[in-house]
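The values are calculated or read from the model by the stated rules, or taken from the named source; none is laboratory data. Model, not experiment: these values are computed from the prediction. Glycine also receives a Cβ, built like all others from the backbone with ideal geometry; neighbour counts cover every protein chain displayed.
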Amino acid sequence: MTKKKQATGEEQLALLELSMDEIVDKIEELSGENVFDCYQCGMCSAGCPMADEMDLLPNQVLHALQVKDPEVMSANSMWICASCYTCQVRCPKGVDLAKVMEAMRQIYLRKQLDNVPLDDLSHREIRHLPQIAVVASFRKKTG
């Protein structure tokens with residue numbers, strides 16, 4: 001698989017045709033979570049089994065959404081999140097960050113945008129992907 005240049009946050013917003021205000025509102029609508037409930041204790045990041053793979057830690061994603069930093073939309077964190085709900089269990093405020101991450105992915109998917117199109121992967125790469133990643137990719141193709 002060839003590496004392509006990562007788009008900046010501003011470029012991602014242009015692709016999504018949304019402002020950060022609209023994105024935060026849409027995330028809250030889709031997830032049912034208030035991103036402003038987070039007070040940055042870091043418990044979600046401390047317990048996240050995927051944090052080492054993320055370019056923004058889970059609490060940093062929420063902070064970026066709170067301050068409406070467009071770079072959050074170019075971070076890989078939403079795509080890396082395993083939706084294991086460890087963050088939600090550990091959160092003293094009960095913020096369900098897995099739902100926030102899913103809402104962020106849904107904003108892309110509803111615009112027919114994807115992080116790694118399945119068509120760009122070789123058969124060998126597909127065989128080594130986690131099954132949930134392949135299933136999720138095919139789910140997006142079924143409309």
For residue 134, indicate whether it is surrounded by 12 or more Cβ atoms within 10 Å (Cβ to Cβ) and modelled with pLDDT of 90 or more. no
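Let's see how each residue does on (1) in a helix (DSSP H, G or I); (2) within 15 Å of the chain's Cα centre (by Cα); (3) at pLDDT 95 or above:
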residue: 55; (1), (2), (3): no, yes, no
residue: 59; (1), (2), (3): yes, yes, yes
residue: 72; (1), (2), (3): yes, yes, no
residue: 82; (1), (2), (3): no, yes, no
residue: 100; (1), (2), (3): yes, yes, yes
residue: 108; (1), (2), (3): yes, yes, no
residue: 115; (1), (2), (3): no, yes, no
Selected residue (criterion: modelled with the highest pLDDT) from residues of the stretch 1-32 that are basic (Lys, Arg) and surrounded by fewer than 11 Cβ atoms within 10 Å (Cβ to Cβ): 5
